[in-house]
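Below is one structure, written out as structure tokens, with a few remarks after it.
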Amino acid sequence: MIAIDYIIVLIFLVVMFYMGIIFYKWVGSSDDFYLAGRQLTPFILAAVIAATNVNLYSFVGQAGIAYKEGIPIIWQTWTGNMALVISGLFVIPIFRRLRIRTIPEFLEKRYSKGVRTFVAILWIFRLSFWLGVVLYTAVIASQTISGYDSFTAWVLIFSIVVILYTILGGMWSVAFTDVIQFVLMLGSSLILLPLVMSAVGWWPGLTEKLPEGAMTLIKNTGTYDWKFIIAIFLLGIEWACVDQGLLQRAFGSENTRSAAKGLVLAGIITTPFALLWILPGLAARVLFPDLANADSAVPLLITSLIPNIVLGLVVVGLLSSQLSTISGNLNGVATIFASDVYENVINRKASDKDILKIARLITLVVGIGMILFAYLVPILGGAVNAYLTIIAIMDMPLFVIAVIYGLLWKRVNWQGAVAGYIAGAISGIIGQFIYGLNFNVTTFITAGTALIITPLISLMTKEESNAQIDAIWKARTISEEEIINKNVYNIIPKTFNGRLSLMVFISGLILFLIGVIMGSVGSPIASYLAVGGMIIYFVGGLFRTYTN
Amino acid sequence: MYFDWITWSIWLLGFIIMVVWIFIPAREFKKLVQKKRAEEKNKVQHK
């Protein structure tokens, strides 16, 4: 990088900080800080969700796996996008109608205050750790690309601006900067793609020079085989239905239908976007076949193929991908602490102004914690991977108790939920660390245990019924807010067009699953069926959000 | 000169998404700013 590149990066950071100052005036209440006053429109929401989900893990980690294992890793993003559609059509509308701010808040309504506090503390820990890892990844990639080696300088560049604009403007500045950052990261990927593809001899050159099977979307053996696609799809559904960092944006939507549209659009626009970091990862395999560290594949491509000045723009795009993820999760931790711990446990008589102050203070504290943790990551080494595995194990039971039983079966009570959650998590830990089972099998075991234990303990203990559970069941159909605003969204469609779109959506899902299963026997048409099914699924899902 | 339809189709799709996501959110944000300003005006008048 030369001086002009650094100036471009500096201008970008100053603009982001300025956004925080502008939106400071817009934050008059805690709802403004957490949820942008619940006024986000579908296209803004889609960009915000896409920007939060795409980060350097995509450009560095996924591209690195593509370098080593071939194209199948793209299913991690694609099935995640499909999961966003499921969540947007069937789950988020219910949460949006309940006007909750956090998933732990829903757990109190559905089960008990204890479950809310327990899950809230777990999520504060989980998100704070994740922030440290995200910051660390950003710093390492920036060092490689820029050639400027100071760890502390990059930590400060990334964190100070993002912490300040999140504290000042809350979700308003997070939303606005996310939209800008989404466009910037997409733009920089569009600069990279043709340069990379021309270097390998375009598409024919890429497919000819890659090792055999690297372009097979559905494999019947190996770590990233057809079972991986099913397991990661299940985890994607779990993530899209209970992840605080993601859902908080959907809770900030202007109404139920906008929440559904925002999630579906986010899933659709991120699908072609995924090719913009997977193809460079594959091209790096052709250009630099003997890399010791696959994660350096895309940073190396950037430094060797992109000229100065343009390099500054690409770095801004990569910075964007990271800042949007950090700001969203910072805001998420602040919301959980202020709403589920401070307001719910520490000071129940707190005024809205007090809560707003606490939320800002917590954003600062978590931001400082994130910086400290970024320094700890290299020392912890393998422990980080172990931790990330454990939280993956712990998220699946949360999905089972919050969404599957929380929304579908009234008879499940808090005793069953707590027992199912703990049993699911323990079974995952035993499977992963004692029996050394792989990630795919562990996912099925964790989900299966929680699915069995939760109803079993619930049936052995007293049935609960209260007005809050009734309110949740009512939210499955319609809300007064929708009737007043004349913008009703029915989860089960009422019109012909609505039913037709749902049929298209289901047909796409079935076709996708048939394709994945046919991949288990190495069928040559498996990939075509799965991708075709996915496209039909997206078309049906999008059509569904515009019908009733 | 060889023209790679696959790569440029992917590129074009990404470009269209980028253009759409510049103009529509900008329009939506403009409406939100107008709404916020109207709210502030109302507040001042009530005071």
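Laboratory data are not the source of any read-out in this text; all were calculated from the coordinates shown. Please read these numbers as outputs of a predicted model, since none were measured by experiment. Note: ideal-geometry Cβ built from the backbone for every residue, glycine included; neighbour counts use all protein chains shown.
Brief remarks follow.
- In plain terms, the bigger the Kirkwood radius, the slower the diffusion; for the range A:133-178, with that radius from Cα pairs, at 10 °C and 1.306 mPa s, Stokes-Einstein puts D at 139 µm²/s.
- Expected-Rg normalisation [2.2 N^0.38 Å, Cα atoms] applied to the range A:1-94: 1.48
- Residue range of chain A that is longest and free of chymotrypsin sites (Phe, Trp or Tyr not before Pro) which are both DSSP loop and sparsely packed (at most 13 other C-beta within 10 Å): A:149-408
- Flagged links, alpha-carbon separation over 25 Å, of A:Lys349/B:Lys31; A:Lys353/A:Lys410; A:Lys357/A:Lys486; A:Lys25/A:Lys357; A:Lys109/B:Lys30; A:Lys261/B:Lys30: A:Lys349/B:Lys31; A:Lys353/A:Lys410; A:Lys357/A:Lys486; A:Lys109/B:Lys30
- Take each residue of peptide B:7-20, count the partner chain Cβ atoms within 10 Å of its Cβ, and average: the result is 6.
- Remark: relative contact order (chain A) = 26 percent; criterion is Cα-Cα distance under 8 angstrom and separation of 6 or more residues.
- Values of log10 I(q)/I(0), in the order q = 0.10, 0.11, 0.15, 0.19 Å⁻¹, for the range A:278-434 under a Debye, Cα-only, solvent-free model: -0.67, -0.79, -1.15, -1.25
- Under the Karplus curve 6.51 cos²θ - 1.76 cosθ + 1.60, θ = phi - 60°, whole-Hz ³J(HN,Hα) for the range A:79-89, x wherever Gly or Pro sits: 5, x, 5, 5, 5, 4, 5, 4, 4, x, 7
- Cα-Cα pairs of the range A:494-548 separated by more than 19 Å (percent): 32
- For B:23-36, mean number of other protein chain Cβ atoms within 10 Å: 5
- Averaged over the residues of peptide A:39-47, the number of Cβ atoms from other protein chains lying within 10 Å of each residue's Cβ is 5.
- Ordered by the count of other Cβ atoms within 10 Å of each Cβ, fewest first, A:Asp290, A:Asp5, A:Asp352, A:Asp149 give A:Asp290, A:Asp149, A:Asp352, A:Asp5.
- Long-range Cα-Cα pairs in chain A (distance over 39 Å), rounded percent: 23
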